[in-house]
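For reference, the structure is listed below as structure tokens.
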Amino acid sequence: MSNADYNPACLPDLLPLYYRRLFPFSQYYRWLSYGGVSKNYFQNREFSFTLKDDIYVRYQSFSTQNELEKEMQKMVPYKIDIGAVYSHRPSQHNAVKSGTFQALEKELVFDIDMTDYDDVRRCCSAADICSKCWTLMTIAILILDRALREDFGFHHLLWVYSGRRGVHCWVCDDAARKLSVAARSAVAEYLSLIKGGEDTVRKVVLSDPIHPFIKCSLSVVERYFPQYAIVEQDILGSKESVDKVLALLPEDIKKDLTSFCQKQKNPMERWEELCTLVEHKRSSSKKGGQYFDKEIMLQYCYPRLDVNVSKGVNHLLKSPFSVHPKTGRISVPIDLKELDTFDPFEVPTISLICEELEKLRTDEVEDEDMKDKENEQDAGERRRIRDYKRTSLAKYVKVFDHFLEAMTRSRKGEMLKKSDLQADF
């Protein structure tokens, strides 16, 4: 069975198997407990489940990993969203005195959706994606990951494919989880360059001097722009697409480029002429700025953030390892070391991994079940680890494992530092 053979009608049959034998509960619990340093951190976390027929259940919370497992296996959610850590247990929010139930902490999150690029991509629109426009997600991850690490000093970033047409980023550092709404808004605004809605033609305006953050972002965009925008999206090919680019230029350059385009049909030659005209205008101008070529590159390629997702502490975001009901694809962590080769169409569907699981040799399973009986307590956990390791999900759980190990090392380092300071004192 290929990934393309997923049938949404089979989801009710596949999900129970996925939650019973493949979902990485152990790592998931480890992630959201953050080493158990803060009391009730996992217990006060909100989970939201979307069940069959779009039944939406908010304010779920669980005391232990075991309770989370049992409830998910019983409720069989079609979609899992993760919310904030609250002052009280979310499942008891109705019993708490009015006004005291407050969202206290949550990872700083970013949501980038391909539909927000519809005005600048020609290959697809709405929920559709292809390998050509996926380059936009690669650019977005590179720009935002560098800025969050180098400009803000965050370390623990989990990048996750949404399962259909976008990516999510979970910034899991202690400092990020404690940020106020105002601070989250400030980070999101710093990272936002595309301004204005559908009616705004020129969405990026640069001024002198170009901010170092924008310079760094441009260096990423410039690497991908010729192949992505000029060749694959062919933004200087047809008259309609050329007109969209011309609308972003001042009258004198527009006029010169229009006459050049009448003679020269090669899109790359047209782009080089545009850059030459802009450079000439910039060098002969007394009033700084005039970065029209760079503005075009950013307008066509710079990440488009849903700022509201990042601002709110109590905003819900789809959980890693949730299944996308329409595509059947698992929402998997992305390995940034292999970002340029990440292919959303290669991400396993639930039907594929469940079929891989069923293919296990019966005699091998029987042999291992005998071993499990020797120690029933750990048998379930061991069996699940063994199960997912034999499917296409394994490499993505490994990425998650590496992320968790880095967080654990960092936490141990912080604790050692604190104990050393106390000893010195």
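The values are calculated or read from the model by the stated rules, or taken from the named source; none is laboratory data. What you see is a predicted model, and the numbers here were worked out from it, not measured in a lab. Please note: Cβ atoms are built from the backbone with ideal geometry, for glycine as well, and neighbour counts cover all protein chains shown. Only protein heavy atoms, including side chains, enter the accessible area calculation; ligands, DNA and RNA are left aside. Shrake-Rupley method; radii C 1.70, N 1.55, O 1.52, S 1.80 Å.
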Number of the condition not met by L179 [criteria: (1) open to solvent by 10 Å² or more (accessible area, probe 1.4 Å); (2) under 23 Å from the mean Cα position of the chain (by Cα); (3) within 23 Å of R121 (Cβ to Cβ); (4) aliphatic (A, V, I, L, M)]: (3)
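Within segment 299-391, which helices (runs of 4 or more DSSP H) (wholly inside it) include 1 or more residues that are within 30 Å of K52 (Cα to Cα), modelled with pLDDT of 95 or more and under 16 Å from the mean Cα position of the chain (by Cα)? Quick ask: steps written out before the conclusion?
Working: elements: 307-311, 350-358, 362-374, 376-389.
It comes to 307-311.
Could you tell me whether K195 is at pLDDT below 95 and closer than 30 Å to A103 by Cα? Write out each step before concluding.
Numbers: at pLDDT below 95: yes; closer than 30 Å to A103 by Cα: yes.
So K195 fits the description; yes.
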Filtered residue count, segment 288-317, keeping only those that are within 25 Å of C133 (Cα to Cα), open to solvent by less than 20 Å² (accessible area, probe 1.4 Å) and out of contact with any helix residue (DSSP H, G or I) (no Cβ under 7 Å at 6 or more places or on another chain): 3
Residue among S238, S285 that is farther than 25 Å from V205 by Cβ and either among the polar types (S, T, N, Q) or buried (at least 18 other Cβ atoms within 10 Å of the Cβ) (or both): S238
Pair list, Cβ under 9 Å, 6 or more apart: segment 252-264 residue more than 11 Å from V242 (Cα to Cα) and open to solvent by 50 Å² or more (accessible area, probe 1.4 Å), other residue in a helix (DSSP H, G or I) and not β-branched (V, I, T): D252/L277; D252/K281; D256/E273; D256/L277; Q264/R270; Q264/E273
Subset of segment 58-80 (residues that are β-branched (V, I, T) and under 14 Å from S322 (Cβ atoms)): V76, I80
Only one of T115, T135 that is of a type in the set (S, T, N, Q), in contact (Cβ under 8 Å) with a residue 40 or more places away in the chain and buried (at least 19 other Cβ atoms within 10 Å of the Cβ): T135
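Yes/no matrix, rows are residues, columns are (1) open to solvent by less than 20 Å² (accessible area, probe 1.4 Å); (2) touching a Cys at 6+ places or on another chain (Cβ under 8 Å):
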residue	(1), (2)
L11	yes, no
Y18	yes, yes
V37	no, no
E46	yes, no
Q60	no, no
M72	yes, no
D81	yes, no
H88	no, no
Selection status of I210, over 27 Å from the mean Cα position of the chain (by Cα) and under 28 Å from T138 (Cα atoms): yes
